[in-house]
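Student: Submitted below is the structure of interest, expressed as structure tokens.
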Amino acid sequence: MPQTITLGYKALLEEANALIPTVTVADAKRLMDEGAVLVDLRDPRELEREGRVPGSFHCPRGMLEFWIDPESPYHKPVFAQDTPFVFMCAGGWRSALCAAVAHRMGLKPVMHVGGGFKAWKEEGAPVEEYKHK
């Protein structure tokens, strides 16, 4: 018997975008200059292929909840900072969903970059080579 999906990605994105502010590339750059953390959710292969935003923090999508939660053995101290968090992915879908999850977990304020890394590059914003650690 096939699965019946009752809540699709479009509805999830609509919910996330209704909850989470979407910022422009210019807003994201300004927020970073003011101390916000830009969280890049893309896969390492995407980073290797496309580059990364200088000064951004890479958090693979699959680790987000574990890195945010201070009770998790995988917690990353960057998520304990008292600062805004700006989420970014390739095109703005994963970042909207992740920002909504982060908000539900108590991380505030959170927002995401509309158009993602694609928009970042189209605006001519700085990009650097990704060096896998």
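The values are calculated or read from the model by the stated rules, or taken from the named source; none is laboratory data. Keep in mind the model is a prediction, meaning the values are calculated, not measured. Cβ coordinates were reconstructed from backbone atoms using ideal geometry, including for glycine residues, and neighbour counts include every protein chain displayed. Calculation scope for accessible area: heavy atoms of the full protein, side chains included, ligands and nucleic acids excluded. Shrake-Rupley method; radii C 1.70, N 1.55, O 1.52, S 1.80 Å.
Student: By how many nm would the segment from Met63 to Glu34 lengthen if fully extended, with 0.36 nm per residue of separation less the alpha-carbon distance? All intermediate terms of the calculation are to be shown ahead of the outcome.
Tutor: On the way: separation 29, 0.36 × 29 = 10.44 nm, distance 2.60 nm.
So the chain would gain 7.8 nm between Met63 and Glu34.
Student: So which residue, out of Asp43, Asp33, Asp69, gets the largest mean-square fluctuation from a GNM of the chain using Cα contacts under 10 Å as springs?
Tutor: Residue with maximal mean-square fluctuation among Asp43, Asp33, Asp69: Asp33.
Student: Two decimals is fine: what's Rg over Rh for the chain, C-alpha atoms, Kirkwood radius as Rh?
Tutor: Details: Rg = 14.8 Å, Rh = 15.1 Å.
A ratio of 0.98.
Student: Could you sort Glu122, Glu15, Glu46 by their accessible area in this structure, using a 1.4 Å probe and putting the largest first? Spell out each step's value before the answer.
Tutor: On the way: Glu122 130, Glu15 105, Glu46 30 Å².
Result of the area sort, largest leading: Glu122, Glu15, Glu46.
Student: For Glu71, Glu128, Glu123, write out the residues from largest to smallest accessible area, computed with a 1.4 angstrom probe and no ligands counted. Provide the component values of the computation, followed by the final result.
Tutor: Values: Glu71 165, Glu128 70, Glu123 130 Å².
So the residues, ranked largest to smallest area, are Glu71, Glu123, Glu128.
Student: Any idea what the relative contact order of the range 1-73 is, in percent, if you count C-alpha pairs under 8 Å spaced at least 6 apart? Intermediate results must be reported in sequence, preceding the final value.
Tutor: Numbers: 30 pairs, mean separation 16.4, N = 73.
Normalised by residue count, the contact order of the range 1-73 is 23 percent.
Student: Taking the Cα centroid of the range 75-133 and of the range 12-55, what is the distance between the two, rounded to the nearest whole Å?
Tutor: Measuring centre to centre over Cα atoms gives 3 Å.
Student: Which value, in Å², gives the accessible area per residue of the chain when a 1.4 Å probe is used on the protein heavy atoms?
Tutor: Details: 7910 Å² over 133 residues.
The answer is 59 Å² per residue.
Student: Remind me, relative contact order of the chain in percent, using alpha carbon pairs under 8 angstrom and six or more residues apart?
Tutor: Numbers: 203 pairs, mean separation 42.4, N = 133.
Across the chain, relative contact order equals 32 percent.
Student: I'd like the chymotrypsin sites (Phe, Trp or Tyr not before Pro) in the range 9-111 restricted to DSSP loop residues with at most 16 other Cβ atoms within 10 Å, sorted by number. Present the calculation step by step, with values, prior to reporting the outcome.
Tutor: Working: sites: Tyr9, Phe57, Phe66, Trp67, Tyr74, Phe79, Phe85, Phe87, Trp93; in loops: Tyr74.
Listed in order of number, the matching sites are Tyr74.
Student: Let me ask another. What residue among Leu12, Met63, Gly91 has its Cα farthest toward the positive end of the dipole of the range 1-108, where the charges are +1 on Lys, Arg and -1 on Asp, Glu, each on the Cβ?
Tutor: Gly91
Student: Where does the chain land at 222 nm, in deg cm²/dmol rounded to the nearest 500, when only DSSP H runs of n ≥ 4 count, each adding -39500 (n - 2.57), divided by all residues? Walk me through the numbers before you get to the answer.
Tutor: Numbers: 6 runs with 52 residues, N = 133.
Taken over the chain, the calculation gives -11000 deg cm²/dmol.
Student: Let me know the charge dipole size of the chain about its Cα centre in debye, to the nearest 20, where only the beta-carbon of Lys, Arg (+1) and Asp, Glu (-1) is charged.
Tutor: Values: 16 positive and 18 negative charges, 45 e Å.
Dipole size: approximately 220 debye.
Student: Turning to a different aspect of this structure: As a test, work out the antiparallel percent of DSSP beta bridges whose residues both lie in the chain, rounded to the nearest 5. Mind showing how you got there, number by number?
Tutor: Working: 1 of 12 bridges.
For the chain, the DSSP antiparallel bridge percentage is about 10.
Student: Where does each of Arg52, Arg45 land when they are ordered by accessible area, with a 1.4 Å probe and the largest first?
Tutor: Working: Arg52 45, Arg45 160 Å².
Descending accessible area places them as Arg45, Arg52.
Student: Can I ask one more? Give the carbon-plus-sulfur fraction of the accessible surface of the range 26-101 in %, rounded to a whole number; probe 1.4 Å, heavy atoms of protein chains only.
Tutor: Details: 1980 of 3700 Å².
Percent of accessible area from carbon and sulfur atoms in the range 26-101: 54.
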